[in-house]
Structure formats: structure tokens, C-alpha cells
Amino acid sequence: MFTELNSILNTTPDSFTQGEFVLLSDRQSDASFLIHHFLSLYLRARCKVWFLGLVQSFNHYSAISQRLGVSLTQAKEKGQLVFLEGLKESLSVLIPGETDTGSEAMGFLRDPAVGLKSLYELVRSSATSSGGGKTEEEWGPPVLLVDDLSVLLSLGASVGAVLDFSHYCRAIVCSQLQGNVVMLTRCDGEEEEEEDDEDSERLLRGLTHQCSLTLHVQGLPTGYCRDIHGQVEVCWRRKQSDGRCVQKKLFQYKVHDKGASFFAPGTSSAVL
């Protein structure tokens, strides 16, 4: 959990907005450090967290969370954290084993035309179930984290199917259960084929219309800097009686081994 980012977002483990859809995105940079922030934030807030890992394994997130002072293993044992292994589910479909007992959550890999209904059903059933832990504890609002929606495009899902998936997840978690959704998507146009780039741009635009808060990470326009790793644009999208209010702020950041620093452009000690 990054204290400076909490200050920017006016958020703490004891006080945060419920029913919020947070979109994380990056371009020619890596916004995954923000996933670690929100994961540790909501676990510290005693929320019930469902994490759909499409890119990294549980062990990867566990090692980094340990440096941030949060034990994912303990959270799983208590029933506070449910880690949905998208990687394992994909492998069970692509490389079926003799004793395969995996669900059909990633069944669209066999037939992309069926869409992501099975994946949504996995999220829905997990979010509405009450069991899972060795101890019976009362948890706060539910939270769904997805580490990279754009991976679904690479696996053959259509933009429309991914947007439908995010819409229905938002409907059940944010609207019905009054929890939060945090999703990451990537858009690195220079290294992708033109068609893939167009799809990722369409996905980003569609998700932006759905969300209430966006954090867009990108490299510095001036190029590489050892002491400043990039910049993040924070955009609040609030509904008001006279329309939709959009407020934007730009910050530069540097990721450390046990956190990250955020500062106004040009105010880093490295450039003063």
C-alpha cells in the first residue's frame, strides 16, 4: 500500500468510496505496481477480495505483498482472499491432463464465439458464496481485482465480450453488493500488430466509459530517467445533476522495493 497515492486519492483502509470501478491502464510502461497497491489496501481494509489472475501466479503476488507487509497466504486461509488462477485454468483447457478437474471458466479458448459467460459465472458464484475460510469472520465490502483484461483479447475473446464481462462484473460487485472493482488493461501500440492495437484502444475507450476513476501510467515524454520511472494521470469521473464531471491530475512516480513515491511534475529531488 502506497501512502502517498492514498493521499492523492483521498483514500485509507478505514475510509474509501464504495461502489467504485477503478480502471488501471498503461502505455509503454508497467502499471502492475498499482495492482499491488490496491490489493494490499483492500486487504488491510478487511474487504473480501476476489483476484482474477490472468498474467501472474499467486506466488508472484504473494512475494511482493510480503514486502508490502501483507500476507496473502494468511488472507487465503482466513477466507478473506480468493485467488482465481486464470493461468492454470487456461492451461487446463489448452493442455488437458488425464486428471483434469478444472472448471470451464476459460472455455472460450476452445470456442471464442461463446464469449466470457463462463468466466463471469465463476466470478459471480465466487462473489456471492459465503464459505471458503477456516475461520468465520465478518469482512467488509467485496472487491474484485483483475490483473490484465487485455490478455483476454490475445486469447481470442472479442472486445465486445470483454466489455460485457466488465459490465456484468461491475453490475454485481459495485451495484448489487456495493463493493469495488479494479481492472488493469494494457495498450502498447508500437509493439503490436495494427489490428491488435485497434482492439486494445477500443477496449480502453469502452472501459473508460464504464469506470469512475482511472489511473493511466505512461513513460516520461523526455525518455528514460533513473530517478523518475514515469508519470500517472489520475482522472475522477463523477456523475452530477448537471452532467458528468471530469477532474484530472498528473503526477510523476518512482517505484521502490517496498513502495512507490508520487510527486508533482518537476518536483523530484533528482531534478531540483
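Tabulated data
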quantity: Matching option when the condition is at pLDDT below 70 and not in a loop (DSSP other than H, G, I, E, B), among Leu122, Leu91, Leu84; calculated: Leu91
quantity: Residues being surrounded by fewer than 22 Cβ atoms within 10 Å (Cβ to Cβ) and under 14 Å from the mean Cα position of the chain (by Cα) - total across the range 166-182; calculated: 0
quantity: Lone unmet requirement of (1) of a type in the set (Lys, Arg); (2) within 28 Å of Gln66 (Cβ to Cβ); (3) touching a helix residue (DSSP H, G or I) at 6+ places or on another chain (Cβ under 8 Å) for Arg226; calculated: (3)
quantity: Any pair with Cβ under 8 angstrom, 6 or more apart, that starts in the range 223-234 at a residue that is basic (Lys, Arg) and ends at one that is surrounded by fewer than 20 Cβ atoms within 10 Å (Cβ to Cβ) and part of a loop (DSSP other than H, G, I, E, B); calculated: Arg226/Ala270
quantity: Residues located in the range 207-245, provided they are more than 29 Å from Leu152 (Cα to Cα) and aliphatic (A, V, I, L, M); calculated: Ile228
quantity: Residue under evaluation Lys48, criteria (1) surrounded by fewer than 22 Cβ atoms within 10 Å (Cβ to Cβ); (2) outside any helix (DSSP H, G or I); (3) not hydrophobic (A, V, I, L, M, F, W, C), criterion not met; calculated: (1)
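The values are calculated or read from the model by the stated rules, or taken from the named source; none is laboratory data. This is a predicted model, so every value here is computed, not measured. Positions of Cβ are generated from backbone atoms using ideal geometry, with glycine treated the same way; all protein chains shown enter the neighbour counts.
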